[in-house]
Amino acid sequence: MNDVNYTNLVDEEIIVTLTTMEDEEVECLALCKIEIEGQEYIALLPLMEDGSQNPDGDVIFYTFAVSESNDPILGDIEDDEIYEEVSLRFDNWLDLMEQNEVQEALDAE
C-alpha cells in the first residue's frame, strides 16, 4: 500500500459524536483523513466528558465515505492487516505534523 494522501482536520475542530454498543454517546475530535489506494479512513480522538483531550491518546480508526446527501458514513475496519496499515500511516502523519511544527519554529527565528 504505497498510494497515501493525508488531510489534516485538527485545525477545523470537527467534533464527531459516536454511539457505542452500550448506547452511550462519545464525542471525538477528527484528527485526519487518510486515503490509501482510493479508500478513505478517519482518525478520531475520543474526548473527555468536559471536552478536553483524552490523556490516554487512544485513537479510533474508521472507514470514511460521504453519502449522496453529503452526510459522513463511518464503518468499522474489519481486516486486521488494513487496520494495522491505517495505524502505521497515522503514525507517519503524526511524524509529518511534528516535522512541520519544528520547521515552523525554525522559520520564525
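The values are calculated or read from the model by the stated rules, or taken from the named source; none is laboratory data. Please read all numbers here as calculations on a predicted model, not as lab measurements. In this analysis, Cβ positions are derived from the backbone assuming ideal geometry, glycine residues included, and neighbour counts consider all displayed protein chains.
Using the structure shown, decide if residue 57 is at pLDDT below 90 and either touching an Asp or Glu at 6+ places or on another chain (Cβ under 8 Å) or part of a strand (DSSP E or B) (or both). In short, no. Filtering the stretch 5-13 for residues that are of a type outside the set (Ser, Thr, Tyr) and within 18 Å of residue 83 (Cα to Cα) leaves a non-empty set.
Screening the candidates 27, 35, 40, 12 for the property of being under 23 Å from residue 67 (Cβ atoms), surrounded by 14 or more Cβ atoms within 10 Å (Cβ to Cβ) and more than 12 Å from the chain's Cα centre (by Cα) yields one hit, 27.
May I ask you to list the residues in the stretch 60-81 that are of a type in the set (Val, Ile, Thr), modelled with pLDDT of 95 or more and either in a helix (DSSP H, G or I) or over 16 Å from residue 9 (Cα atoms) (or both)? Across the stretch 60-81, the qualifying residue is only 77. Only a single item in (1) loosely packed, with under 14 Cβ neighbours inside 10 Å; (2) in a strand (DSSP E or B); (3) in contact with a Phe, Trp or Tyr (Cβ under 8 Å, 6 or more places away or on another chain) is not met by residue 96, and it is number (2).
Looking across 40, 85, 27, one residue alone is part of a helix (DSSP H, G or I) and at negative phi. It is 85.
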